[in-house]
Each structure stands twice: as structure tokens, then as C-alpha cells.
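Only one structure is covered here, and it is reproduced in the block below.
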């Protein structure tokens with residue numbers, strides 16, 4: 001007797017002009033099963049799932065739902081077949097409530113919204129263990145709440161086959177555990193679930209089987225219980241990959257930038273960073289750990305000169321650079337590169353080509369009315385070669401690239417500027433394992449060249465391996481700065497939640513210190529500001 005599949009894809013091929021995104025791919029998932037879809041950035045994972053959800057139509061091949069051949073020509077067709085996809089970038093109306101975001105897409109909803117729509121949605125949320133306030137406006141929601149809303153929305157439409165594209169990319173460890181608990185409940189209820197992810201530890205924790213794509217082609221499907229991270233990486237990349245992160249020992253220089261008593265407000269006027277002190281040395285990677293939303297974004301933007309500072313100082317070579325524009329900061333001697341969390345919204349111009357995005361960094365330096373496209377194209381070609389960016393050409397708009405390739409373009413442009421300080425927020429979020437290790441190697445190379453790096457991350461294992469010191473924030477307050485090789489994940493977790501405060505052991509600048517001196521010990525000599533706990 002043939003095995004019963006909720007979804008089966010046979011010989012699926014999808015082309016975009018001369019680019020073959022998927023080539024003769026086979027994939028299947030059973031009812032009551034969680035299938036992880038694994039592959040490098042640009043390997044065709046999202047394209048394949050977009051054909052299941054009706055956004056694209058395959059050029060060749062067949063799709064079967066519950067054993068029956070189907071034609072999925074639109075998202076409405078997918079919805080009728082019980083297929084729902086939660087995209088990496090949420091598709092919600094900010095000014096609407098949770099319930100109204102769901103209700104407005106319901107077939108034949110009519111012009112009058114039913115009063116009991118809140119009860120219907122709350123019932124579905126409770127059934128699967130979600131926490132969702134149906135009346136809450138989307139603009140007041142945290143990222144995890146928005147993702148919950150997207151999942152509840154497809155369940156409300158009757159989806160029995162759920163596709164999640166990078167569902168944990170913006171979630172905290174606690175939120176990931178909650179999501180996995182919900183997915184297990186859905187699995188027990190008979191739902192078929194496909195997860196696109198790059199996080200191998202999560203693949204091994206949550207999935208039953210793993211399907212692997214490489215460069216648009218199907219490689220294999222394996223039982224999760226019989227594999228490991230190293231084997232999955234080799235199938236995905238096609239060669240052995242060293243999964244150890246280096247932390248080269250570099251002789252550090254005097255601090256490039258000192259932050260004193262810094263206080264910053266968020267967009268709502270609340271305090272995001274509260275009286276924080278630290279510094280960035282050349283030849284050192286300083287990690288910033290904290291639960292999402294504890295002020296990391298505001299801190300990075302303030303240092304880069306993109307957010308006003310309520311009080312405090314940022315000292316470079318004795319000068320306070322607070323209030324200066326990025327251009328004025330550069331003229332003071334700090335060549336700063338900022339790699340923001342929002343790659344397409346803040347980091348790059350999505351509708352512009354790779355070449356044009358390269359020119360955005362220094363087009364003001366060109367004398368005359370015309371930009372030098374030749375140099376921009378040469379820079380784009382170099383970044384594409386060095387960072388292995390998958391793209392049809394240098395003239396491709398960056399919005400058409402996969403998330404990992406977008407990040408490579410952004411990082412490549414900022415590194416080419418020759419910075420002495422790099423501010424980077426979640427630089428490997430959404431990247432495959434090969435691309436992630438490439439980014440770690442790039443940051444280590446910059447460290448060896450005497451660059452100071454501020455690294456905001458979410459994976460504590462990575463931070464402990466990559467960073468020299470780790471600054472920990474809780475609700476915008478400094479909980480301490482610790483040496484990475486002398487602390488643990490457990491200690492960092494306690495600091496992140498405010499259960500452990502080591503800030504008193506961190507030597508803040510005493511009053512009356514000369515402006516060109518950084519931290520001073522009790523005898524008046526210069527120190528690196530670390531505590532007995534760290535030394």
C-alpha cells in the first residue's frame with residue numbers, strides 16, 4: 001500500500017528567465033509530521049514553497065494534495081486546499097486589530113463585521129496554546145505576537161498544511177520554546193508542517209525528517225533521529241565545513257570610542273538605554289546580549305549618529321561626538337560602518353541595483369554632476385566574488401536577492417569602506433550555516449586589522465565563541481561586561497533577565513577624570529575597565 005502524503009511534489013522545476021530556481025525537485029510531507037526544509041541562501045527553498053502557496057506556478061512537475069493531483073494557480077486555490085504559508089516578512093495591516101486582520105481576508109465576509117469574530121479567533125488561539133488578544137492593534141504588537149497572528153490567521157482559514165518561512169529568525173529563546181510547543185500540539189492534531197530554517201540545532205530539535213536542497217536541486221531527505229549537524233551541513237554545502245568559530249588573540253589598541261553615562265529614548269519617548277557606560281577597543285569584538293527589545297537597536301543607531309541622545313557622551317580622541325552627523329563623525333577620524341537589523345528598510349535601497357547600492361556609501365565624494373558607475377560596478381563585482389553572492393548580475397535590484405545574499409551585499413559594501421569601528425546588529429540572522437561562518441571570518445579579519453567591532457547577537461553560543469567581551473543589557477540597563485571565555489550561557493541568561501547584576505563590578509569612569517582618559521583605577525593608572533569578576 002502506497003504511503004499517504006498530505007503534500008507531494010514531483011519533478012518541480014521553476015525558471016526565472018535564464019535562472020533555474022528549482023530543478024526537478026521532489027518533496028513530500030505526511031499528516032502529523034514536521035518536515036524541515038534546509039539549504040543555503042538562494043538554494044530555492046522559498047521559491048519551492050511559494051509554488052505550494054500559489055504565489056508562483058511551476059513550469060514543470062506535479063503537485064498532489066492528499067493523494068490527488070491539483071493545480072495551484074493563486075493563494076486562494078492554496079487556501080481552499082487547506083495550505084497556509086506564514087512568510088518571513090509579515091503581511092499585516094498595522095492600524096487594524098488582530099481579529100480584523102484575520103476577518104478581512106475571509107471569503108464573502110460582507111460589509112458588516114460580526115460581533116462574535118473576537119470569540120472565534122480567541123477559541124482557535126486557545127485550542128493550540130497561542131496567546132493572542134484579538135482586539136490588540138498590530139502596531140502595538142511585539143514581533144512574536146505578529147507571528148502568532150499570522151499562524152492563527154491561516155488556521156482560521158482552515159489550513160491543515162502549514163508552511164513557516166524562518167519562523168524563529170526574530171524570536172527570543174523563550175519565544176522559540178513556546179512556538180515549538182504549539183507546533184507539537186498541531187502535529188498531534190494531524191497537521192502537516194513544513195519549516196524553512198537555517199538553525200541546525202532547531203532542525204534537530206523539532207523536525208521528524210529533513211529535506212535538503214542545494215543550488216535549486218533536491219539532494220536527499222533523512223530522518224532527523226539518524227543525522228547530526230555535521231552531516232546536514234555537508235549535504236547542504238556539498239563539502240566539509242569546520243563548525244568551530246575562531247577567536248584570534250589580537251593585541252588590543254587604546255579604545256577607539258568611549259560611551260559615558262549614555263541615555264537614549266525610543267520612538268515612543270520611553271527610556272531605551274539608561275545611563276550605560278562602555279568602550280570599544282581596536283582589535284576587539286564586544287558582544288551585546290539582551291532579550292529582544294531591551295535597547296540594542298536604539299544603542300546601535302545612536303552610536304552611528306542616526307538617533308538623538310538624551311544625555312551622556314561618546315568620546316573619540318578626547319572629543320565628544322554626540323550630536324554630530326555621520327559625515328561629521330567621519331571628519332573627526334572615525335570611519336564607522338553600521339550594519340543595521342533592518343537590511344532592506346535601513347541598510348540598502350531595495351529597488352536599486354547592487355552597483356547603485358555600492359555607490360550610496362560614497363557618492364557625495366565624487367566631484368561633478370555624475371556618479372562614477374564604473375567604480376561602483378567594480379566594487380559590486382568584487383563583493384559578489386569575495387562573498388559568493390548569488391545574483392544574475394551586478395545590475396539586479398537587491399530586493400530580488402535572497403535574505404542571505406542581501407546581507408552579504410550590505411556587509412561587503414560596509415567593509416569596503418575601510419572602517420575602524422563596525423556596528424553590526426544580528427549580522428547572520430536568516431543566513432545559512434556556510435554564509436554565517438563566512439561572516440564570522442570577515443569580522444575576525446577586521447578584528448586582526450585593528451578594527452573595533454560591536455556585535456549585537458541572539459545566539460549565546462556564537463557570542464561566547466566569537467566575542468572577546470560581552471556587554472549585557474536588561475530593560476536598557478547595564479548588567480555588566482564579562483570576558484566571554486570566563487562566563488557561561490547560564491550566567492548570561494541570569495544577567496539578561498535581571499536576576500544577576502554585575503554592573504557594580506564594572507569600573508565606571510570616576511568623576512573628574514580628564515576627558516582624554518578612559519577608565520582609571522584607584523591609583524590613577526589606566527585600566528581596561530574590567531572587574532575582578534572578569535580579569
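Quick test for you: out of 391, 355, pick the one residue that is closer than 28 Å to residue 439 by Cβ, modelled with pLDDT of 85 or more and in a loop (DSSP other than H, G, I, E, B).
Numbers: 355 fails: in a loop (DSSP other than H, G, I, E, B).
When all the criteria are applied, what remains is 391.
Please go through the stretch 415-440 and pick out each residue that is in a helix (DSSP H, G or I) and modelled with pLDDT of 90 or more. I'd like the intermediate steps shown before the answer.
Taking the stretch 415-440 first, the residues in a helix (DSSP H, G or I) are 415-416, 433-440.
Result: 440, single match.
Looking at 245, 291, which one is out of contact with any strand residue (DSSP E or B) (no Cβ under 8 Å at 6 or more places or on another chain), surrounded by 14 or more Cβ atoms within 10 Å (Cβ to Cβ) and not in a strand (DSSP E or B)?
Values: 291 fails: out of contact with any strand residue (DSSP E or B) (no Cβ under 8 Å at 6 or more places or on another chain).
It is 245.
Looking at 388, 381, which one is on the phi > 0 side of the Ramachandran plot, out of contact with any strand residue (DSSP E or B) (no Cβ under 8 Å at 6 or more places or on another chain), outside the structural domain of residue 42 (by TED's automatic domain parsing) and surrounded by fewer than 24 Cβ atoms within 10 Å (Cβ to Cβ)? Break it down stepwise before answering.
On the way: 381 fails: on the phi > 0 side of the Ramachandran plot.
Only one candidate passes the filter, namely 388.
Filter the stretch 168-182 for residues that are farther than 15 Å from residue 496 by Cβ and at pLDDT below 75; which is surrounded by the fewest Cβ atoms within 10 Å (Cβ to Cβ)?
Of everything passing the filter in the stretch 168-182, 169 is surrounded by the fewest Cβ atoms within 10 Å (Cβ to Cβ).
Does at least one position in the stretch 131-138 carry a residue that is in contact (Cβ under 8 Å) with a residue 60 or more places away in the chain and in contact with a strand residue (DSSP E or B) (Cβ under 9 Å, 6 or more places away or on another chain)? Step through it out loud before you land on a result.
Kept after step one, since they are in contact (Cβ under 8 Å) with a residue 60 or more places away in the chain, are these residues of the stretch 131-138: none.
Checked against the condition, which is being in contact (Cβ under 8 Å) with a residue 60 or more places away in the chain and in contact with a strand residue (DSSP E or B) (Cβ under 9 Å, 6 or more places away or on another chain), the stretch 131-138 yields no hits at all.
Of all residues in the stretch 308-336, which are over 20 Å from residue 457 (Cβ atoms) and in contact with a helix residue (DSSP H, G or I) (Cβ under 7 Å, 6 or more places away or on another chain)? Full working, then the answer.
Taking the stretch 308-336 first, the residues over 20 Å from residue 457 (Cβ atoms) are 308-335.
309, 314, 321 - these are the residues of the stretch 308-336 that are over 20 Å from residue 457 (Cβ atoms) and in contact with a helix residue (DSSP H, G or I) (Cβ under 7 Å, 6 or more places away or on another chain).
Among the numbered conditions (1) on the phi > 0 side of the Ramachandran plot; (2) at pLDDT 90 or above, tell me where residue 498 comes up short.
Unmet for residue 498, out of (1) on the phi > 0 side of the Ramachandran plot; (2) at pLDDT 90 or above: (2).
Looking at (1) touching a strand residue (DSSP E or B) at 6+ places or on another chain (Cβ under 6 Å); (2) within 26 Å of residue 26 (Cα to Cα); (3) crowded, with 19+ Cβ neighbours inside 10 Å, find the lone condition where residue 208 falls short.
Of everything listed in (1) touching a strand residue (DSSP E or B) at 6+ places or on another chain (Cβ under 6 Å); (2) within 26 Å of residue 26 (Cα to Cα); (3) crowded, with 19+ Cβ neighbours inside 10 Å, residue 208 misses just condition (3).
The values are calculated or read from the model by the stated rules, or taken from the named source; none is laboratory data. These numbers come from a predicted model, not from an experiment. Positions of Cβ are backbone-derived with ideal geometry, glycine not excepted, and every protein chain shown enters the neighbour counts.
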